[in-house]
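Novice: Structure provided below as structure tokens; questions to follow.
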């Protein structure tokens with residue numbers, strides 16, 4: 001059983017047609033609507049708030065500077081869809097820097113149409129095949145002696 005089924009969220013399977021309702025994420029920051037993100041066909045939509053703290057680096061040497069750091073606080077709304085030929089397409093609706101105290105609202109809605117993504121990056125099938133092969137070879141080396 002899938003984690004979604006275990007949690008009680010599984011919708012009835014139904015045919016995918018043009019105009020079928022989809023689950024989408026409606027995102028607002030400090031009460032201002034930023035986007036409605038959703039994938040009408042098979043795919044993935046995700047919302048992720050990120051906080052990163054990393055060591056500051058000396059621009060000349062690239063070495064970490066003791067006691068100094070950089071922070072990044074962002075909201076990313078993106079996903080994965082597929083072109084008609086089946087190629088994967090990474091999509092992005094929002095990459096927003098955040099500040100302390102901001103309020104993010106995520107409403108889960110059902111809609112016939114989401115906002116168009118601001119960016120689409122089609123996966124290169126040759127590059128994807130190369131990365132899969134490299135991953136396979138790495139795992140093969142790692143587990144050959146196991």
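The values are calculated or read from the model by the stated rules, or taken from the named source; none is laboratory data. Everything numeric here is computed off the predicted structure, so don't read it as measured data. As a convention, Cβ positions derive from the backbone with ideal geometry for all residues, glycine included, and neighbour counts pool all protein chains shown.
Novice: Specify the residue that is farthest from residue 35 (Cα to Cα); the eligible residues are those in the stretch 74-93 that are more than 16 Å from the chain's Cα centre (by Cα) and in contact (Cβ under 8 Å) with a residue 12 or more places away in the chain. Break it down stepwise before answering.
Specialist: First pass over the stretch 74-93, keeping only residues more than 16 Å from the chain's Cα centre (by Cα): 83-87.
Keeping just the survivors that are in contact (Cβ under 8 Å) with a residue 12 or more places away in the chain gives 83, 87.
Numbers: 83: 22, 87: 25 Å.
Once the filter is applied, the top-ranked residue is 87.
Novice: Just checking, how many residues over the stretch 108-131 are within 20 Å of the chain's Cα centre (by Cα) and not in a strand (DSSP E or B)?
Specialist: Of the residues in the stretch 108-131, 12 are within 20 Å of the chain's Cα centre (by Cα) and not in a strand (DSSP E or B).
Novice: Can you spot a residue in the stretch 86-99 that is out of contact with any helix residue (DSSP H, G or I) (no Cβ under 9 Å at 6 or more places or on another chain), surrounded by fewer than 13 Cβ atoms within 10 Å (Cβ to Cβ) and farther than 27 Å from residue 21 by Cβ?
Specialist: Yes, that holds for at least one residue.
Novice: Go through (1) without any contact (Cβ under 8 Å) to a residue 24 or more places away in the chain; (2) loosely packed, with under 12 Cβ neighbours inside 10 Å; (3) touching a strand residue (DSSP E or B) at 6+ places or on another chain (Cβ under 8 Å) one by one and return the number of the condition residue 59 breaks.
Specialist: If we test residue 59 against (1) without any contact (Cβ under 8 Å) to a residue 24 or more places away in the chain; (2) loosely packed, with under 12 Cβ neighbours inside 10 Å; (3) touching a strand residue (DSSP E or B) at 6+ places or on another chain (Cβ under 8 Å), just (3) comes out false.
Novice: Against the definition (in contact with a strand residue (DSSP E or B) (Cβ under 6 Å, 6 or more places away or on another chain) and in a strand (DSSP E or B)), how does residue 47 come out, yes or no? Quick ask: steps written out before the conclusion?
Specialist: Details: in contact with a strand residue (DSSP E or B) (Cβ under 6 Å, 6 or more places away or on another chain): yes; in a strand (DSSP E or B): yes.
The answer is yes for residue 47.
Novice: Within the group 70, 137, which residue is surrounded by 10 or more Cβ atoms within 10 Å (Cβ to Cβ), in contact (Cβ under 8 Å) with a residue 12 or more places away in the chain and over 30 Å from residue 23 (Cα atoms)?
Specialist: Numbers: 137 fails: in contact (Cβ under 8 Å) with a residue 12 or more places away in the chain.
So the residue among 70, 137 that is surrounded by 10 or more Cβ atoms within 10 Å (Cβ to Cβ), in contact (Cβ under 8 Å) with a residue 12 or more places away in the chain and over 30 Å from residue 23 (Cα atoms) is 70.
Novice: Going through 62, 67 one at a time, which residue ends up being at positive phi, at pLDDT below 95 and assigned to a strand (DSSP E or B)? I'd like the intermediate steps shown before the answer.
Specialist: Values: 62 fails: assigned to a strand (DSSP E or B).
Unique residue meeting the criteria: 67.
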